[in-house]
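Step one of this worksheet: look at the structure below.
The values are calculated or read from the model by the stated rules, or taken from the named source; none is laboratory data. Everything numeric in this text was worked out from a predicted model, so none of it was measured. Cβ placement follows ideal geometry from the backbone for every residue including glycine, while neighbour counts extend to all protein chains displayed. When the accessible area is computed, the model is the full protein with side chains, heavy atoms only, and any ligands, DNA or RNA have been set aside. Shrake-Rupley method; radii C 1.70, N 1.55, O 1.52, S 1.80 Å.
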Amino acid sequence: MATGFDDRGVIVTCPACEQQNRLAYERLGEPVRCGRCKHEIGVPTAPVEMASSADFDRLVSRASVPIVVDYWAPWCGPCRMVAPELQKVASRRAGQLLVVKVNTDVLTDLGERFGIRSIPTLAVFAGGREVGRTTGARPASDIEAFIDQATKGVHHGGHSGHGG
Ligand SMILES: [Zn+2]
């Protein structure tokens, strides 16, 4: 499972030997083999909590798949309702997108920078920029429709990132 981020990718734990491995941001949709035991490690199938805004910026600017951001806070009831729906989306769309969670009580700078005024807010980033945003809890099927709409016509892959 994915446990966090570093400057080059998403950190995932090998299910066979628990070795930490990295999925590079530029190849997020592709499974890798464990560096220690060669067990195949799948792409993340669950939302991953963002620990810092620097990780967030690196992820959205370099990711090879769309990033779905769940802005939430622990005290928010509707956020707890939407969490299992996002879990379903992350599982169904594994390899096609990555779902991340931004706790706006912890990463207050992100909430301010993106003007998040109510939670839960869902945003989709593709090609280094935000391409869609919606607020409020909703079922997984609605979330998937929203993501499809937001990413329609957005092209991926090929580019090797751009400095910023
Ligand atoms: Zn392993």
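The table below lists the values:
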item: Net charge of Cβ neighbours under 10 Å - reference Lys101; Lys, Arg +1; Asp, Glu -1; result: -2
item: Projected label distance in nm at Thr108 and Ala24, using a 7 Å step from Cα toward the beta-carbon; result: 3.8 nm
item: DSSP bridge orientation in the chain - percent antiparallel, rounded to nearest 5; result: 70 percent
item: Proximal aspartates and glutamates relative to Lys88, as straight alpha-carbon distance under 20 Å, when same-chain residues fewer than 8 apart are discounted; result: Glu30, Glu49, Asp70, Asp142, Glu144, Asp148
item: Environment charge at Cys34 (Cβ cut-off 10 Å; Lys +1, Arg +1, Asp -1, Glu -1); result: +1
item: Accessible area (Å², 1.4 Å probe, nearest 10) - Leu107; result: 10 Å²
item: Nearest-10 value in Å² for the accessible area of Val65, using the 1.4 Å probe; result: 20 Å²
item: Semi-axis lengths, Å, region 1-78, gyration tensor of Cα atoms, sqrt of 5 times eigenvalues; result: 23, 15, 11
item: Neighbour net charge for Ala83 - beta-carbon separation under 9 angstrom, K R +1, D E -1; result: 0
item: Carbon + sulfur, % of accessible area of region 50-100 - ligands and nucleic acids excluded, 1.4 Å; result: 59 percent
item: For the chain, the spread of Cα positions along each principal axis, largest first, Å; result: 45, 32, 29
item: Principal semi-axes in Å for region 65-159 [√(5λ), Cα gyration tensor, largest first]; result: 21, 16, 11
item: Using θ = phi - 60° and Karplus 6.51 cos²θ - 1.76 cosθ + 1.60, couplings along region 17-26 (whole Hz; Gly, Pro as x); result: 10, 6, 5, 7, 10, 10, 9, 4, 3, 6
item: Among Pro66, Pro78, Pro47, residue whose mean-square fluctuation peaks in a GNM of the chain (springs only between Cα atoms under 10 Å); result: Pro78
item: Whole-angstrom Cα spans of region 45-98 along principal axes, big to small; result: 32, 26, 12
item: Residues whose placed amide H lies under 5 Å from that of Glu49, excluding near-sequence neighbours; result: Lys101
